[in-house]
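Student: One structure, pasted below without further comment.
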Amino acid sequence: MISYDDLVHRTKSIAIVGLGYVGLPLAVALSEHFAVIGFDKKEERIKELRAGHDRTIEVADEALCNAKITYTSNPQDLAQAGVIIVAVPTPIDAHRNPDLTPVVGATTTVARAMAKGTIVCYESTVYPGVTEEVCVPLLEKHAGMTFGRDFTVGYSPERINPGDRIHRLATIRKIVSGSDPQTADILEKVYGSVVSAGIHRASSIKVAEAAKVIENTQRDINIALMNELACIFNRMGIDTTEVLEAAGSKWNFLPFRPGLVGGHCIGVDPYYLTYKAEEMGYHPEVILAGRKINDSMGKYIAEITVKRLINANKQIKGARVGILGITFKENVPDIRNTRVIDIVHELEEYGILPLVHDPLADPQETKQEYHIDLLPMEALTKLDALILAVAHHPFAAIKAADLPPLFASEPYTVIDIKSILNKEDAKQAKIDLWRL
C-alpha cells in the first residue's frame, strides 16, 4: 500500500478530482508539500487554470500561478497518484432526492485509472454509508481490485465556506477518517500538513459522513426559525432586525438571521439526511419542517413585494422591479441552487417584469441555467420597486439616498432582504422600506 514517505518524497502524487470551490483551494495548498495532479473533466476549466485564473475567485491569480500543479482532463494521469481525493458536487434532483451522479461518475473514472495500493478519499457531502456502500463496490467493480487488499478509502468532509476570507482551509479544523487505522494515519498527516487548525479523527467513515451532513442541517433549522419569526413579526408590525439586535445583547443568543437559503450546502445537505432516514423507516419532522419554511421564503418575499406595490397604488401587471443579486450568497459568483430565482419566477407569475443585476454572476451561465438576461446597473431605471437580494460588497455599500433616482415615482418601495439600509436614512430619503 501507499506510504506517507512516498508522498513526501514525491514518488507518488496526490490527485484532486474536481477543481471547483473545494478542490482547487485544496490542490493549491497541498502543492506546497506534495506533487499534485489537478483533474477536472471540463477541458475549459483546465485551460482556465493553466492560464492562471480561477473564475470562482476562491484562489487569487497570483497564488494560482505560483502553485505547482499538473492540470489534466485525462483520467489516465490518475494512475500516477497514491492518494486520490474526490471533491465533486452532491446536488439534489427535481424531487429533492440525493443526486449521486457526480460522485458515481467520478468514482467510476477513478476506478478505471487508479493503481494498486491507492487511497481514495472523498470530500463530497453525502449521507452516512455512501462511501462504503456505494463507492467501494463501484471501485471494486471498475478497477477489478479487492477493497482492503488492493486499495483503501477515507472520508474527510469539505468545510469550505465560499466567499469567506477569514475561515479558510487552513483555519478550519478538518475531520479525517479511514477504512483502516493505517489509511487514517496517512490522511491525517496529509491534511495536517496544510490545516493549521488541527485534525479531528473520527472513529469511522460513517461518523465523519454524519458529522458533515448535520453541520448544515443545524444551520438550516436555525435559519428556518428566524424566517418563521420574521413572518410572525411582520404581521405584528415589528422590525425583525431590531428584535434580533435586542435579543443579541444576551451573551448566549445565537446570531442567526432570516434570509434565502440556497447554494449547494445548507439548502441541499438536509435532504441527504432525510432521504437516508426515511430509507431506514424514520420520518424526520423537524428537519423537513425547516426545509419547508426556507424553501417558501422566495414566494413570501415576492408576495410582500406585490402587496407593497398595491398599497402604493402601483399597477401590478407590467411593473418594473429591480433585483440586486442572483448568486446564492454574497461575494461569490456561484448561482447554483440560488433561491433568488424563486422571487423572479413568482413575480413573473403576477405579470411583473424583474430586472436583475449582479456584477459577480456569469451572464452566460445565468442565461443557460435560469433563462435570465443579467442587466447592467444603468438599465435599472423607472422602477416601481427594488429588491436588495444579495449583500455583495457593492450592494452593501449602497446608501438610501442613492436609490430614489432609480424609481419612476414615489413611493420608493424597497424590499431589503439583507437589512442593508438604515431605517432612519431610508425615512429621510422617503423610501417605503420593508426589511426581512
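Student: Within region 198-211, is there a residue that is among the charged types (D, E, K, R), part of a loop (DSSP other than H, G, I, E, B) and over 24 Å from the mean Cα position of the chain (by Cα)?
Tutor: no
Student: Find the residue count for region 240-267, including only residues that are under 16 Å from residue 419 (Cα atoms), out of contact with any Leu (no Cβ under 8 Å at 6 or more places or on another chain) and among the hydrophobic types (A, V, I, L, M, F, W, C).
Tutor: Residues meeting the conditions: 4.
Student: Same structure again: Looking only at helices (runs of 4 or more DSSP H) that fall completely inside region 6-77, which ones have 2 or more residues that are surrounded by fewer than 24 Cβ atoms within 10 Å (Cβ to Cβ), of a type outside the set (Asp, Glu) and out of contact with any Asp or Glu (no Cβ under 9 Å at 6 or more places or on another chain)? If you could, list the steps in order and put the result at the bottom.
Tutor: Values: elements: 23-30, 43-50, 61-66.
Of the helices (runs of 4 or more DSSP H) lying wholly inside region 6-77, those with at least 2 residues that are surrounded by fewer than 24 Cβ atoms within 10 Å (Cβ to Cβ), of a type outside the set (Asp, Glu) and out of contact with any Asp or Glu (no Cβ under 9 Å at 6 or more places or on another chain) span 43-50, 61-66.
Student: What is the one condition in (1) in contact with a Lys or Arg (Cβ under 9 Å, 6 or more places away or on another chain); (2) part of a loop (DSSP other than H, G, I, E, B); (3) farther than 26 Å from residue 315 by Cα that residue 374 does not satisfy?
Tutor: (3)
Student: Quick one: is residue 122 within 18 Å of the chain's Cα centre (by Cα), over 18 Å from residue 24 (Cα atoms) and crowded, with 21+ Cβ neighbours inside 10 Å?
Tutor: On the way: within 18 Å of the chain's Cα centre (by Cα): yes; over 18 Å from residue 24 (Cα atoms): no; crowded, with 21+ Cβ neighbours inside 10 Å: yes.
Here the answer is no, as residue 122 does not meet what is asked.
Student: While we're here: Among the residues of region 36-48, are any more than 30 Å from residue 262 (Cβ to Cβ) and touching a residue at least 24 places away in the same chain (Cβ under 8 Å)?
Tutor: Within region 36-48, one or more residues are more than 30 Å from residue 262 (Cβ to Cβ) and touching a residue at least 24 places away in the same chain (Cβ under 8 Å).
Student: Moving on. Quick check on residue 244: is it within 26 Å of residue 21 (Cα to Cα) and surrounded by 15 or more Cβ atoms within 10 Å (Cβ to Cβ)? Steps first, answer last, please.
Tutor: Numbers: within 26 Å of residue 21 (Cα to Cα): no; surrounded by 15 or more Cβ atoms within 10 Å (Cβ to Cβ): yes.
Spelling it out, it is not the case that residue 244 is within 26 Å of residue 21 (Cα to Cα) and surrounded by 15 or more Cβ atoms within 10 Å (Cβ to Cβ).
Student: Additional query: Residue 333 is checked against (1) in contact with a strand residue (DSSP E or B) (Cβ under 8 Å, 6 or more places away or on another chain); (2) surrounded by 17 or more Cβ atoms within 10 Å (Cβ to Cβ); (3) under 29 Å from residue 60 (Cβ atoms) and fails just one. What number does that condition carry?
Tutor: Of (1) in contact with a strand residue (DSSP E or B) (Cβ under 8 Å, 6 or more places away or on another chain); (2) surrounded by 17 or more Cβ atoms within 10 Å (Cβ to Cβ); (3) under 29 Å from residue 60 (Cβ atoms), only one is false for residue 333: (1).
Student: When you look at residue 237, is it loosely packed, with under 12 Cβ neighbours inside 10 Å and under 22 Å from residue 420 (Cβ atoms), yes or no? It would help to see each step written out before you state the result.
Tutor: Values: loosely packed, with under 12 Cβ neighbours inside 10 Å: yes; under 22 Å from residue 420 (Cβ atoms): yes.
Against the criterion (loosely packed, with under 12 Cβ neighbours inside 10 Å and under 22 Å from residue 420 (Cβ atoms)), residue 237 qualifies.
Student: What are the residues in region 176-203 that are over 26 Å from residue 79 (Cα atoms) and touching a Phe, Trp or Tyr at 6+ places or on another chain (Cβ under 9 Å), if any?
Tutor: If the condition is that a residue be over 26 Å from residue 79 (Cα atoms) and touching a Phe, Trp or Tyr at 6+ places or on another chain (Cβ under 9 Å), then 199, 202 are the ones that fit.
Student: If only one of 354, 270 is outside any strand (DSSP E or B) and either free of Cβ contacts under 8 Å to residues at least 60 places away in the same chain or of a type in the set (Ser, Thr, Tyr) (or both), which one is it?
Tutor: Working: 354 fails: outside any strand (DSSP E or B).
One residue alone meets the criteria, 270.
Student: For residues in region 384-414 being crowded, with 23+ Cβ neighbours inside 10 Å and of a type in the set (Val, Ile, Thr), which is nearest to residue 242 (Cα to Cα)?
Tutor: This residue is 414.
Student: Can you confirm whether region 160-174 contains a residue that is touching a residue at least 60 places away in the same chain (Cβ under 8 Å), assigned to a helix (DSSP H, G or I) and polar (S, T, N, Q)? Break it down into steps so the answer makes sense when it comes.
Tutor: Just the residues of region 160-174 that are touching a residue at least 60 places away in the same chain (Cβ under 8 Å), to begin with: 160, 162-163, 168-170.
When the remaining residues are screened for being assigned to a helix (DSSP H, G or I), the result is 169-170.
Subset that is polar (S, T, N, Q): none.
No; the residues of region 160-174 include none that is touching a residue at least 60 places away in the same chain (Cβ under 8 Å), assigned to a helix (DSSP H, G or I) and polar (S, T, N, Q).
We did not get these values from a lab; they are worked out from the coordinates using the rules stated. What you see is a predicted model; the values in this text were computed from it and never measured. Glycine gets a Cβ as well: all are built from the backbone with ideal geometry, and neighbour counts include every protein chain shown.
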